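The values are calculated or read from the model by the stated rules, or taken from the named source; none is laboratory data. These figures come from a predicted structure and were not determined experimentally. Every residue, glycine among them, receives a Cβ derived from its backbone with ideal geometry; neighbour counts consider all protein chains shown. Keep in mind that these areas ignore ligands, DNA and RNA; they rest on the heavy atoms of the full protein, side chains included. Shrake-Rupley method; radii C 1.70, N 1.55, O 1.52, S 1.80 Å.
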Amino acid sequence: MTNLNNNVAGVDTDFDVVVVGAGFAGMYMLYRLRQQGMRVRVLEAGGSVGGTWYWNRYPGARVDTETMFYSYQFSDELQQEWEWTQRYPSQQELHAYAKHVADRFDLWPDMQFDSPVEKTTWSEDRQSWTIETTDGALITSQYCVMATGCLSAVNTPKYKGLEDFSGSVYHTARWPEEGVDFSGLRVAVIGTGSSGVQSIPVIAEQAAQLTVFQRTGNYVIPAHNRALDPEEVAAIKADYPALRAKASASFSGNYFPVGGQSAMAVSEEERNREYESRWQEGGLAFMAAYADFMTSEEANETASEFIRDKIRGIVTDPATAERLAPKQLFMCKRLCVGTDYYETYNRDNVSLVDVSETVIDEILPEGVRVGETVYEVDAIVLATGFDAMTGALKRIDIRGVESVSLRDLWEDGPRAYLGLAISKFPNMFIITGPGSPSVLTNMIPSIEQHVDWISDCLTHMRINGVSRIEPELDAQEEWVAHVNEIADLSMRSTCSSWYLGSNVDGKPRIFMPYIGGFPAYVRKCNEVVEAGYAGFAFR
Ligand code: NAP
């Protein structure tokens, strides 16, 4: 790279800021930094913008958060002019929205695609980062922002024989752009999290035979997806700022009714009426019916049993229904939202194999072996999720002060101050990193809050003539202890889920996101600023 200029701090770098990732976080970060007159380069591994909504192109992929609120709010013009067509738009519509944002704000010239970042190294002498892409190109910048996503590092099980399988293997999060035609094929889907739940009904319609391998049955609430009614859209748009503010004031940053009382404070009849109403309404709002699902096993069991009964009512084969009925706590894993998920198991061409006890032993050229049984298939779909929250960062060789490696520092679990920055990694920020509410909230508002915080921090630094920021170790450790302490109060920390890293072999078991809710977290971030960026050291 040649373009060496004196940057804002008088340090010679190619750019003021390199942003890694051109998903919703990276795009908005670029927009804000450019507004501040910064020279920015966004490096993206994929071939276009959108992050999650670029990579996850599997059949049936669509957002499970109401899109009128799962969208940017930083520009009123944008939110007024963009026309969402469905309550839960498809991946294609979300990707089109991401491209529209890049067009509308002229973001393309500062973004570089097909450029996976391999290594980033801090130089104390130069007071800058050197960022290396897989093709060997080196770029220097004063700041580095990791907008690498919480669910972007693909988790592929290390099955013996997988590479010798005679058919095709696909991962839901790396789906071929040209799509896949399963007509006439025998297909295996491994995994029944959100990606499996969304893809299984669509694949079942096309494949000759579909065999689903389920390790853990999940709670799936019907989406009741539908076209948005123009009047409803107009009403929301007319009142957007107030409605967005209401969503931001809720625990998960979502716009849906939140029940503030215990599930046990009402009669069984009233409780079931509430559950039925939320089931009929559809979507994630089911999880907010009562306040104590994560603190009372008794309350939790009422919701679990309601959903299990629904499964028994939908699935005609009782043995299949019992296999599908989840055994773990409700909301232990991320709640799934589906369309005809349980109904799909009534199809003649679909069967369910329980691999919770007798596991998948190996993949043979002709199919999947579980114990003594070989399931012959022509294609395998891995809906096996992600190395969540830390995977995308640890897959980059990130070197901080004195060449300390982030991989080594996070060997026993992530440690970050507010999920925003890491001690020993000066001038580096993470968007929705571990220790922030991120995946427990509506992601786009959480992204916007982090991007705004980082932009304001950089403005503060410029005004005050400082050019180096790093969290103090004590402040970071105190925050990490707080994150762990409140996680321990929730039954969520007792489960197996990707929130805890338990889906990835060898990953330390730590509840990674901040569980105290979006409003409490935003308050804390604001207090830090009001106290002169308490817990950060400037130079
Ligand atoms: P996931 O929730 O982690 O589900 C992965 C599935 O694969 C689980 O059923 C898991 O079983 C199974 N699995 C993993 N390794 C396995 C192995 N070796 N053998 C057998 N089964 C194995 O991943 P995901 O479905 O991709 O979803 C991840 C997250 O992405 C979601 O929770 C959600 O936050 C987000 N997402 C959102 C949407 C949406 O907005 N609509 C769609 C997709 C994903 P265990 O449960 O036993 O580990």
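Loop-only check: which GluC sites (Glu not before Pro) in region 92-201 are DSSP coil with at most 11 other Cβ within 10 angstrom?
Taking region 92-201 and a limit of 11 other Cβ atoms within 10 Å, the loop GluC sites (Glu not before Pro) found are GLU177, GLU178.
Pop the C-beta distance of GLU93 and ASP474 into the FRET formula with R0 = 45 Å and round what comes out to the nearest 0.05.
Plugging the Cβ-Cβ distance into 1/(1 + (r/R0)^6) gives 0.45.
Could you list, bin by bin from short to long, the percent of Cα-Cα pairs of region 256-328 in 5 Å steps?
3, 16, 26, 24, 18, 9, 3, 0
Sort out for me the Cα centre separation of region 335-409 from region 285-302, rounded to whole Å.
Result: 28 Å between the Cα centres.
Taking all protein chains as present, what is the carbon and sulfur share of the accessible area of the chain, in % to the nearest whole number, probe 1.4 Å?
Roughly 48 percent of what the probe reaches on the chain is carbon or sulfur.
Scan around VAL189 for amide H atoms under 5 Å from its own, H built in the peptide plane at 1.01 Å from N, and keep only partners 5 or more places away or cross-chain.
Those lying under 5 Å, H to H, from VAL189 are THR211, VAL212, PHE213, VAL381.
I'd like the GluC sites (Glu not before Pro) in region 459-534 restricted to DSSP loop residues with at most 15 other Cβ atoms within 10 Å, sorted by number.
Those that pass, being in a loop and sparsely packed, are GLU472.
Rolling a 1.4 Å sphere over the protein heavy atoms, what is the accessible area per residue of region 256-328, to the nearest Å²?
Value for region 256-328: 48 Å² per residue.
Can you find, among GLN280, LEU352, LEU43, the residue sitting farthest towards the positive end of the charge dipole of the chain, where Lys and Arg contribute +1 and Asp and Glu -1 at Cβ?
About the Cα centre, the residue reaching furthest to the positive side is LEU43.
In Å², and per residue, what accessible area does region 98-153 have when probed at 1.4 Å with the other protein chains present?
40 Å²
Relative contact order (percent) for region 256-328, with alpha-carbon contacts under 8 angstrom and 6 or more residues of separation?
31 percent
On a straight-distance basis, which lysines could pair with LYS160 in a cross-link, Cα separation under 26 angstrom, same-chain partners fewer than 8 positions away excluded?
Hits, sequence-local ones excluded: LYS394, LYS507.
For region 419-428, what does the Karplus curve 6.51 cos²θ - 1.76 cosθ + 1.60, with θ = phi - 60°, yield as ³J(HN,Hα) per residue in whole Hz, taken in order and with x for Gly and Pro?
Karplus values, whole Hz, x for Gly and Pro: x, 10, 7, 10, 4, 5, 10, x, 6, 10.
Taking only C-alpha pairs under 8 Å that are 6+ residues apart, what is the relative contact order of the chain in percent?
Relative CO of the chain lands at 19 percent.
Where the only charges are on Cβ atoms (+1 Lys, Arg; -1 Asp, Glu), what is the dipole of region 256-328 about its Cα centre, to the nearest 20 debye?
Here region 256-328 has a charge dipole of around 300 debye.
Rounded to the nearest 20 Debye, what is the dipole magnitude of the chain about its Cα centre when Lys and Arg each give +1 and Asp and Glu each give -1 at the C-beta?
Approximately 620 debye in magnitude.
Write down the Å³ per residue value for the convex hull defined by the alpha carbon atoms of the chain.
Given the Cα convex hull of the chain, per-residue volume reads 151 Å³.
Treat every Asp and Glu Cβ in region 306-445 as -1 and every Lys and Arg Cβ as +1, leave all other atoms uncharged, and give the resulting dipole magnitude about the Cα centre to the nearest 20 debye.
For region 306-445, the charge dipole is close to 900 debye.
Using Cα atoms only, what is the angle between the long axis of helix 443-463 and the major principal axis of the chain, expressed in degrees (0 to 90) to the nearest 10?
Between the helix axis and the principal axis of the chain, the angle is about 10 degrees.
How charged is the neighbourhood of THR192? Take every other residue with its Cβ under 14 Å from the Cβ of THR192, and add Lys/Arg as +1 and Asp/Glu as -1.
+4
Rounded to the nearest 500 deg cm²/dmol, what is the calculated helix-only ellipticity per residue at 222 nm for the chain, with -39500 (n - 2.57) per DSSP H run of length n ≥ 4?
For the chain, the value works out to -9500 deg cm²/dmol.
Once amide H atoms are built 1.01 Å from N in the peptide plane, which residues 5 or more positions from ARG62, or in another chain, come under 5 Å H to H?
GLN91
Of the options TYR170, PRO257, ALA481, report the single residue whose Cα projects farthest towards the positive end of the charge dipole of the chain (beta-carbon charges: Lys, Arg +1; Asp, Glu -1).
Positive-most Cα among the choices belongs to ALA481.
Using the Cα centre of region 78-194 as origin and beta-carbon charges of +1 (Lys, Arg) and -1 (Asp, Glu), tell me which of SER90, GLN127, TYR143 is placed farthest towards the positive end of the dipole.
Towards the positive end, the residue furthest out is SER90.
Hey, quick one: spin label on GLU118, modelled 7 Å out along Cα-Cβ, who in region 13-54 has an amide N within reach, i.e. under 15 Å?
From region 13-54, the list is 45.
Contact order normalised by length for region 455-511, with contacts defined as Cα pairs under 8 Å and 6 or more residues apart; what percent is it?
Relative CO of region 455-511 lands at 18 percent.
In region 190-299, which trypsin sites (Lys or Arg not before Pro) are in a loop and have at most 12 other Cβ atoms within 10 Å, using DSSP for the loop call?
Passing sites in region 190-299 are ARG226.
Cysteines without a disulfide-compatible partner in the chain, using Cβ under 4.7 Å as the rule?
Lone cysteines by the Cβ rule: CYS144, CYS150, CYS336, CYS457, CYS525.
For GLU366 and HIS482, FRET efficiency with R0 = 35 Å and r from the beta-carbon atoms, rounded to 0.05?
Calculated transfer efficiency: 0.10.
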